[in-house]
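Visitor: Below are the structure tokens for one structure; questions will follow.
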Amino acid sequence: MSTEEQAGFPRPSDLELAGHPQAELHERAFSAAREHFGGQVFVRGVVEVSNYCRQNCVYCGMRRDNRALDRFRANPARIAEMIIECRPESITDLNIQAGEDPVAVREVVLPLVRVLRRETNLGISVCVGSLKHELYDALKAAGASIYILKFETADPATYSEVQAPGTLTERTDNLRYLNASGWFVSSGFIAGLPGQTLEQMLHNLRFATDLPLDGCSVSPFIPGDETPLSKARSAGVDLTLNSMAFLRLLKPDWVIPAVSALNLAEPGSGYRRGLRTGANLVTINLTPSELRDDYLLYKRDRYIMTEELILRAIEAEGLRPSQVGLAQHYLRRKPQLAVA
Ligand code: 5AD
């Protein structure tokens, strides 16, 4: 029997569980994560290095049509120095993130990855969009090993309506290429996009579990400032958490992040509830504050996760930071992917 059959695939109404049955579901998900990861949570940093974006996703504040945004590309030497000299002790990995900006990939991300590979033992992940295969290959050769590329929604019509990058088929072709070319791959989808049905949410889960992934996020839809959806309703945190719980039960060995938007969906407690639902990756934001304000994913008023907040949340949930880094963990599972 596959893990999926053992876990039982949820029905649409399961995504709306509340009260005692919901608490029970979340406890099962938390136990599954604990069994698999021994109560350890991966702690990474994120640095946002460019908010130029050639895409126009209607939910995202960095979309190219947002003229109100001051666009920046970070200086790689400066970011490298900040990471090398003053990164929080607790991080084992660094995620380098940007709008879809191939210029920044060449001029900022690649040099940054090379320096960090040489000067630190951080695992390096990148979240920089749909690119030509040569650029993926160059990033891997430079020393990154984890690629994050979200499919956003598994419904092809919604995918095109929200103007997500290219087509859904192209996005999944990219995910398959990344997997086949030796990356550890994480994807993700948005819960509660306007008009999304419970059946579509289940389809997101099914679609994710059918892809060759090592991890997947569930982000609550937040009506982004300066986007066409700014007046839409936020996703319910419960829909998001229930989806995360089922994902954990279907894929006990996947790395599932607690995303910072959980705290926008439910101020003060959303993030901790993510950890209580089987999430096993947290992210400390290391973007220099003068750049951060223009990295507009959701709201101008972002919820910035500092090291102190993160470590407190982990401890409060009876968990502890993993001594083994994320990239290192993946490599132990697939040693054949070690680069010579
Ligand atoms: N709500 C939820 N998730 C969003 N993202 C961007 N904007 C929003 C939003 N308004 C997520 C998308 C994107 C990632 C960088 O952030 O999944 O891929």
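Visitor: List every residue pair whose Cβ atoms sit under 6 Å apart, with the two residues 6 or more apart in sequence or on different chains, where the first one lies in the range 143-157 and is more than 18 Å from GLY195 (Cβ to Cβ) and the second, anywhere, is away from the ligand (no atom under 13 Å from the Cβ) and part of a loop (DSSP other than H, G, I, E, B).
Guide: Every condition considered, the pairs that remain are TYR147/TRP183.
Visitor: For residues that are among the hydrophobic types (A, V, I, L, M, F, W, C) and touching a Lys or Arg at 6+ places or on another chain (Cβ under 9 Å), scanning just the range 224-243, find the one that is surrounded by the most Cβ atoms within 10 Å (Cβ to Cβ). So that I can check it myself, show each step before the final result.
Guide: Restricting attention to the range 224-243, the residues satisfying the condition of being among the hydrophobic types (A, V, I, L, M, F, W, C) are 229, 232, 235, 237, 239, 241.
Then drop every residue that is not touching a Lys or Arg at 6+ places or on another chain (Cβ under 9 Å), which leaves 237, 241.
Working: VAL237: 22, LEU241: 29.
The qualifying residue surrounded by the most Cβ atoms within 10 Å (Cβ to Cβ) is LEU241.
Visitor: Sticking with this one: From the list ALA327, ALA338, exactly one residue is closer than 13 Å to PHE184 by Cα, among the aliphatic types (A, V, I, L, M) and free of Cβ contacts under 8 Å to residues at least 12 places away in the same chain. Which is it? Talk me through it step by step, then tell me what you get.
Guide: Numbers: ALA327 fails: free of Cβ contacts under 8 Å to residues at least 12 places away in the same chain.
Checking each option against the conditions leaves just ALA338.
Visitor: Can you report the number of residues in the range 238-263 which are out of contact with any strand residue (DSSP E or B) (no Cβ under 6 Å at 6 or more places or on another chain) and either within 13 Å of the ligand (Cβ to nearest atom) or of a type in the set (S, T, N, Q) (or both)?
Guide: 4
Visitor: On to the next question. Go through (1) over 30 Å from VAL113 (Cβ atoms); (2) more than 14 Å from the ligand (Cβ to nearest atom); (3) in a loop (DSSP other than H, G, I, E, B) one by one and return the number of the condition LEU25 breaks.
Guide: Unmet condition: (3).
Visitor: What's the number of the condition GLU266 fails, among (1) within 15 Å of the ligand (Cβ to nearest atom); (2) at pLDDT 95 or above; (3) surrounded by fewer than 21 Cβ atoms within 10 Å (Cβ to Cβ)?
Guide: Condition not satisfied by GLU266: (2).
Visitor: Say whether the condition of being in a strand (DSSP E or B) and under 26 Å from ASN204 (Cα atoms) is met by at least one residue in the range 251-273.
Guide: Just the residues of the range 251-273 that are in a strand (DSSP E or B), to begin with: 255, 257.
Of the ones still in play, those that are also under 26 Å from ASN204 (Cα atoms) are 255, 257.
Checked against the condition, which is being in a strand (DSSP E or B) and under 26 Å from ASN204 (Cα atoms), the range 251-273 yields at least one hit.
Visitor: Next question. Consider ASN66 carefully, then state whether it is within 16 Å of the ligand (Cβ to nearest atom), farther than 27 Å from ASP173 by Cα and not β-branched (Val, Ile, Thr). Spell out how you get there, then give the answer.
Guide: Details: within 16 Å of the ligand (Cβ to nearest atom): yes; farther than 27 Å from ASP173 by Cα: yes; not β-branched (Val, Ile, Thr): yes.
Yes: the conditions hold for ASN66.
The values are calculated or read from the model by the stated rules, or taken from the named source; none is laboratory data. Keep in mind that this is a model prediction, so the values were computed, not measured. As a convention, Cβ positions derive from the backbone with ideal geometry for all residues, glycine included, and neighbour counts pool all protein chains shown.
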